[in-house]
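Undergrad: Here it is, the structure in full.
The values are calculated or read from the model by the stated rules, or taken from the named source; none is laboratory data. From a predicted model like this one, the values you see are computed outputs, not experimental measurements. FYI the Cβ positions are ideal-geometry reconstructions off the backbone, even for glycines, and counts take in every protein chain you see. To get the accessible areas, we keep the full protein, side chains included, count just its heavy atoms, and leave off ligands, DNA and RNA. Shrake-Rupley method; radii C 1.70, N 1.55, O 1.52, S 1.80 Å.
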Amino acid sequence: MFSADLAAHLSAARLFLRSAWPQATERQAAHGAGRMFLYAAPDSTAAVLRLIADPPHLLLHFAAGVGLPDPAGLLQGEGRRGRFVCLGAVGDEDRPALTALIAAATAAN
């Protein structure tokens with residue numbers, strides 16, 4: 001079950017993603033005990049971004065994160081293609097860098 005704090009953060013993150021990429025289509029998918037939202041270009045079903053609420057974590061996964069410019073060092077992970085940002089560790093001062101990552105990820109599609 002989600003804590004009220006995680007539910008509020010998830011809601012805020014969904015609003016942020018909709019404002020950062022208004023053209024995206026959002027769909028929900030099962031993810032164990034958590035929730036996952038997939039974000040794709042309007043003419044595609046391939047998810048570019050995944051917002052994963054896996055208590056107690058809230059992660060934003062970039063499908064092609066390996067090739068993204070990340071001067072702020074927000075991306076984590078060691079997968080062959082994907083990288084993620086732990087949104088709980090992102091402060092207000094990191095918002096422009098996160099928005100730039102989203103823009104770079106969506107521009108490639």
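Undergrad: Check off (1) touching a Ser or Thr at 6+ places or on another chain (Cβ under 6 Å); (2) under 18 Å from residue 101 (Cα atoms) for residue 73 and give me the number that stays unchecked.
TA: Going through (1) touching a Ser or Thr at 6+ places or on another chain (Cβ under 6 Å); (2) under 18 Å from residue 101 (Cα atoms) one by one, residue 73 breaks only (1).
Undergrad: Okay, next question. Give the residues of segment 64-75 that are of a type in the set (Gly, Ala, Ser) and crowded, with 19+ Cβ neighbours inside 10 Å, sorted by residue number. Give the steps one after another, and end with the answer.
TA: Initially, segment 64-75 is screened for residues of a type in the set (Gly, Ala, Ser), giving 64-65, 67, 72-73.
If the condition is that a residue be of a type in the set (Gly, Ala, Ser) and crowded, with 19+ Cβ neighbours inside 10 Å, then 65 is the only one that fits.
Undergrad: Can residue 79 be described as open to solvent by less than 60 Å² (accessible area, probe 1.4 Å), within 19 Å of residue 103 (Cβ to Cβ) and either free of Cβ contacts under 8 Å to residues at least 40 places away in the same chain or out of contact with any His (no Cβ under 8 Å at 6 or more places or on another chain) (or both)?
TA: Values: open to solvent by less than 60 Å² (accessible area, probe 1.4 Å): yes; within 19 Å of residue 103 (Cβ to Cβ): no; either free of Cβ contacts under 8 Å to residues at least 40 places away in the same chain or out of contact with any His (no Cβ under 8 Å at 6 or more places or on another chain) (or both): yes.
Against the criterion (open to solvent by less than 60 Å² (accessible area, probe 1.4 Å), within 19 Å of residue 103 (Cβ to Cβ) and either free of Cβ contacts under 8 Å to residues at least 40 places away in the same chain or out of contact with any His (no Cβ under 8 Å at 6 or more places or on another chain) (or both)), residue 79 does not qualify.
Undergrad: Which of (1) in contact (Cβ under 8 Å) with a residue 12 or more places away in the chain; (2) within 25 Å of residue 5 (Cβ to Cβ); (3) open to solvent by 30 Å² or more (accessible area, probe 1.4 Å) is the odd one out, the single condition residue 96 does not satisfy?
TA: If we test residue 96 against (1) in contact (Cβ under 8 Å) with a residue 12 or more places away in the chain; (2) within 25 Å of residue 5 (Cβ to Cβ); (3) open to solvent by 30 Å² or more (accessible area, probe 1.4 Å), just (1) comes out false.
Undergrad: Counting only residues that are under 14 Å from the mean Cα position of the chain (by Cα) and either in a loop (DSSP other than H, G, I, E, B) or of a type in the set (A, V, I, L, M, F, W, C) (or both), how many does segment 66-109 have?
TA: Qualifying residue count, segment 66-109: 19.
Undergrad: Hey, another quick one. Restricting to segment 11-29, and then to whatever is open to solvent by 20 Å² or more (accessible area, probe 1.4 Å) and touching a Phe, Trp or Tyr at 6+ places or on another chain (Cβ under 8 Å), can you tell me which residue is nearest to residue 102 (Cα to Cα)?
TA: Step one: filter segment 11-29 for residues open to solvent by 20 Å² or more (accessible area, probe 1.4 Å), giving 11-12, 14-16, 18-29.
Add one more test, that the residue is touching a Phe, Trp or Tyr at 6+ places or on another chain (Cβ under 8 Å), and what stays is 14, 21, 24-29.
Working: 14: 13, 21: 8, 24: 11, 25: 14, 26: 15, 27: 17, 28: 19, 29: 20 Å.
Filtering first and then ranking leaves 21.
Each row is one residue, and each column tells you yes or no for (1) surrounded by fewer than 19 Cβ atoms within 10 Å (Cβ to Cβ); (2) modelled with pLDDT of 95 or more.
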site	(1), (2)
31	yes, no
45	yes, no
53	no, no
62	no, yes
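Undergrad: Next question, about the same structure. Given (1) more than 17 Å from residue 104 (Cα to Cα); (2) surrounded by fewer than 14 Cβ atoms within 10 Å (Cβ to Cβ), identify the lone condition not met by residue 87.
TA: (2)
Undergrad: Check residue 4 against each of (1) in contact (Cβ under 8 Å) with a residue 60 or more places away in the chain; (2) among the hydrophobic types (A, V, I, L, M, F, W, C); (3) open to solvent by 60 Å² or more (accessible area, probe 1.4 Å) and name the one condition it does not meet.
TA: Every listed condition holds for residue 4 apart from (1).
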